[in-house]
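What follows draws every value from the coordinates through simple rules; no lab data is involved. This structure is a prediction, so every number in the text was calculated from the model and none was measured. Glycine also receives a Cβ, built like all others from the backbone with ideal geometry; neighbour counts cover every protein chain displayed.
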Amino acid sequence: MAVNKTKPVIPENVAIIPDGNRRWSKSNRLSLHKGYNLGIKKFVDISIWLKHLGVSTVTVWALSTDNIINRSKGELAILYNLYTKAAYDSNILTMLEKEDAKVVVVGELGMVPQNVRKALKHIEKETSRNNSFTITLLIAYGGKADILTAVKRAIKAKAQSKIKEINEKILTSMMLTASVPNPDMIIRTSGEQRTSGFLPWQSSYSELYFSKKYWPDFGISDLKAAIREYSSRQRRYGK
């Protein structure tokens, strides 16, 4: 990819690890509810900014399987409440309709409460006809578990003679994230410089961008800086 000095090269697919909501809340002496609520609003804003910049797909790690296992019931209850509220929010639904944006939810949804699953299915259904922009929410998602799921499905399919061989294409098609395109760029906030099992199968050639800012403080100027950094890189794909 050649460097364009006059016009930024826009990634088609952007993935986000919106880290730092809890630390932001603590540093600002605010409740977790406030921090997470602002985090959700920030993601909605960032998604629309990305669409207007020319991005076609944004994928966010909204909740990991490790989060579900290791975080307190109280903290999870806050997140579940906010996700449910957002899924039914008429302002958000109207905005998604206006932007022709579709929401797709991916993950081990059996791990989250039934009312949360119902809410997530609602926002999927309400936006299913939109096709200009896709927002994928990874909820109850873990990268290693996703690969393991695909391997188990492929072995079963091979044993039942439904496939002739197990290869990369087959495994990709059998993942929970089969519909998620390979991200051109992954953005992680809060100063952490690792991907923590985020889309390991799809991110071999993703450009990584780490911001020191906590997610609620990450704004349009930071997003534009990330895009400029992406534009300055040459993606070689092993060449």
When the chain is fully extended, how far beyond the present Cα-Cα distance does R194 get from N81, taking 0.36 nm per residue of separation?
-> 37.8 nm
Please list the non-local residues whose amide H lies under 5 Å from the amide H of I16, H modeled 1.01 Å from N, same-chain partners needing a gap of 5 or more.
-> T59, V60, W61, I187
Computed [θ] at 222 nm, helices only, for the chain once each DSSP H run of length n ≥ 4 contributes -39500 (n - 2.57) = -14500 deg cm²/dmol
Just how far, in whole angstrom, is the range 166-201 from the range 57-83 if you go by their alpha carbon centroids?
-> 18
For the range 103-186, what is the charge dipole size about the Cα centre, in debye to the nearest 20, if Lys and Arg each add +1 at the Cβ and Asp and Glu each add -1 at the Cβ?
-> 440
Expressed as a rounded percentage, what relative contact order does the range 155-222 have, with Cα pairs under 8 Å and six or more residues apart?
-> 29
Given the range 13-232, what whole percent of its Cα pairs are spread farther than 27 Å?
-> 33
Can you tell me the relative contact order of the chain? Whole percent, Cα pairs under 8 Å, sequence separation 6 or more.
-> 30
Based on the alpha-carbon gyration tensor of the range 1-104 and its eigenvalue square roots a ≥ b ≥ c, which shape applies: rounded if a/c is under 1.5, prolate if not and a/b is larger than b/c, or oblate?
-> prolate
Would you please classify the overall shape of the range 91-216 from the alpha carbon gyration tensor, given that a ≥ b ≥ c denote the square roots of the eigenvalues, rounded means a/c under 1.5, and beyond that prolate means a/b larger than b/c while oblate covers the rest?
-> oblate
